[in-house]
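Student: Below: one structure in structure tokens.
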Amino acid sequence: MYETSILNKVEKYVGELLSDLISEGKLYHNLQHTLEVVEVSTEIALAENLIGEEIEIVKIAAWFHDIGYVTSWEEHEKESANYAHIFLGERAYPALKVEKIIGCIIATKLPQSPKNKMEEILCDSDLHHLGLPDMDEKGNLLRREIEINEKRKISDIEWLRNTMQLLTSHKYFTDYAKRKFNNQKEINLLNLKTKLELLEKIKN
């Protein structure tokens, strides 16, 4: 059965924690990003014909997938999994479902390593912005967040090179995500290449 009650509890818990505890420096990994990943993961799950119980697992994993940033930058996937394990365990949520949720969260660690359809859906949802027209806007938020966390400036050339490397190595796993995001991702990659070539020409 598709349990909306546990989803409501998860939404309330994660929403309050992200709103109250994440510092202003989290310009990208915040409640807004989480809400977007929950929405897209649901969209992909439905398009990929998941059943109710599987959708529940994916949505809970989406809610928890970045909550680890509250306490850790480097090990946020592991911390997110711990949050999910404790919260769901305290509410007697089935252990097998908890394991699947944790699997989804851990799979989002770069380079992504999904082992089943549910994990593929969360991975595609987490990086769906790579295939959006406003990828640069979201990227600028992430860039500033990294600068704040690492206490350093990232040059335009460094950022463009790193982003190009990410887009080049990244792939969508689900058929739906490939259809919806791949074309724009290729456009984004070409735009990045053009910008980088121009900057490198100016520098030299």
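Read-outs: derived from the displayed coordinates by stated rules, not from any lab. Keep in mind it's a predicted model, so treat the numbers as computed, not measured. Positions of Cβ are generated from backbone atoms using ideal geometry, with glycine treated the same way; all protein chains shown enter the neighbour counts.
Student: Across segment 113-127, what is the number of residues that are buried (at least 20 other Cβ atoms within 10 Å of the Cβ) and either in contact with a helix residue (DSSP H, G or I) (Cβ under 6 Å, 6 or more places away or on another chain) or not in a helix (DSSP H, G or I) (or both)? Give the steps one after another, and end with the answer.
Tutor: Keep residues of segment 113-127 that are buried (at least 20 other Cβ atoms within 10 Å of the Cβ), which gives 118-127.
Next, from what is left, pick out any that are either in contact with a helix residue (DSSP H, G or I) (Cβ under 6 Å, 6 or more places away or on another chain) or not in a helix (DSSP H, G or I) (or both): 118-119, 121-127.
Summing the residues that are buried (at least 20 other Cβ atoms within 10 Å of the Cβ) and either in contact with a helix residue (DSSP H, G or I) (Cβ under 6 Å, 6 or more places away or on another chain) or not in a helix (DSSP H, G or I) (or both) in segment 113-127 gives 9.
Student: Among the residues in segment 138-150, are any closer than 25 Å to Tyr69 by Cα and touching a Gly at 6+ places or on another chain (Cβ under 6 Å)?
Tutor: Checking segment 138-150: at least one residue is closer than 25 Å to Tyr69 by Cα and touching a Gly at 6+ places or on another chain (Cβ under 6 Å).
Student: Go through Ile202, Ile187 for me and flag whichever is within 22 Å of Val40 (Cα to Cα), over 17 Å from the mean Cα position of the chain (by Cα) and of a type in the set (Val, Ile, Thr). Can you show your working first?
Tutor: Values: Ile202 fails: within 22 Å of Val40 (Cα to Cα).
Criteria check complete, one pass: Ile187.
Student: Any residue at all in segment 25-34 that is at negative phi, of a type in the set (D, E, K, R) and assigned to a helix (DSSP H, G or I)?
Tutor: Scanning segment 25-34 turns up no residue that is at negative phi, of a type in the set (D, E, K, R) and assigned to a helix (DSSP H, G or I).
Student: Next up: Do we have any residue at all in segment 80-90 that's acidic (Asp, Glu), more than 14 Å from Val58 (Cα to Cα) and outside any helix (DSSP H, G or I)?
Tutor: No, every residue in segment 80-90 fails to be acidic (Asp, Glu), more than 14 Å from Val58 (Cα to Cα) and outside any helix (DSSP H, G or I).
Student: Taking segment 145-165 only, how many residues are farther than 20 Å from Leu198 by Cα and under 17 Å from the mean Cα position of the chain (by Cα)?
Tutor: Matching residues across segment 145-165 total 2.
Student: Among the residues of segment 44-66, count how many are in a helix (DSSP H, G or I) and either over 20 Å from Asp175 (Cα atoms) or in contact (Cβ under 8 Å) with a residue 12 or more places away in the chain (or both).
Tutor: Here the count works out to 16.
Student: I'm trying to understand the selection: among the residues of segment 157-183, which are exposed (fewer than 15 other Cβ atoms within 10 Å of the Cβ) and in contact (Cβ under 8 Å) with a residue 40 or more places away in the chain?
Tutor: Ile157, Ser169, Asp175, Asn182, Asn183
Student: Ser72 is checked against (1) in a helix (DSSP H, G or I); (2) surrounded by fewer than 20 Cβ atoms within 10 Å (Cβ to Cβ); (3) within 18 Å of the chain's Cα centre (by Cα); (4) not aliphatic (A, V, I, L, M) and fails just one. What number does that condition carry?
Tutor: Ser72 satisfies all of (1) in a helix (DSSP H, G or I); (2) surrounded by fewer than 20 Cβ atoms within 10 Å (Cβ to Cβ); (3) within 18 Å of the chain's Cα centre (by Cα); (4) not aliphatic (A, V, I, L, M) except (1).
Student: Separate question: Taking Ile154 as meeting all but one of (1) among the aliphatic types (A, V, I, L, M); (2) crowded, with 20+ Cβ neighbours inside 10 Å; (3) closer than 22 Å to Ser72 by Cβ, write down the number of the exception.
Tutor: Tallying (1) among the aliphatic types (A, V, I, L, M); (2) crowded, with 20+ Cβ neighbours inside 10 Å; (3) closer than 22 Å to Ser72 by Cβ, Ile154 fails exactly one: (2).
Student: Further, regarding this structure: Which condition number does Tyr93 fail, the rest of (1) assigned to a helix (DSSP H, G or I); (2) more than 14 Å from the chain's Cα centre (by Cα); (3) among the hydroxyl-bearing types (Ser, Thr, Tyr) being met?
Tutor: (1)
Matching residues to (1) in contact with an Asp or Glu (Cβ under 9 Å, 6 or more places away or on another chain); (2) under 18 Å from Leu27 (Cα atoms); (3) hydroxyl-bearing (Ser, Thr, Tyr):
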| site | (1), (2), (3) |
| --- | --- |
| Ser125 | yes, no, yes |
| Asp134 | no, yes, no |
| Glu145 | no, yes, no |
| Lys153 | yes, yes, no |
| Trp159 | no, yes, no |
| Lys178 | yes, no, no |
| Ile202 | no, no, no |
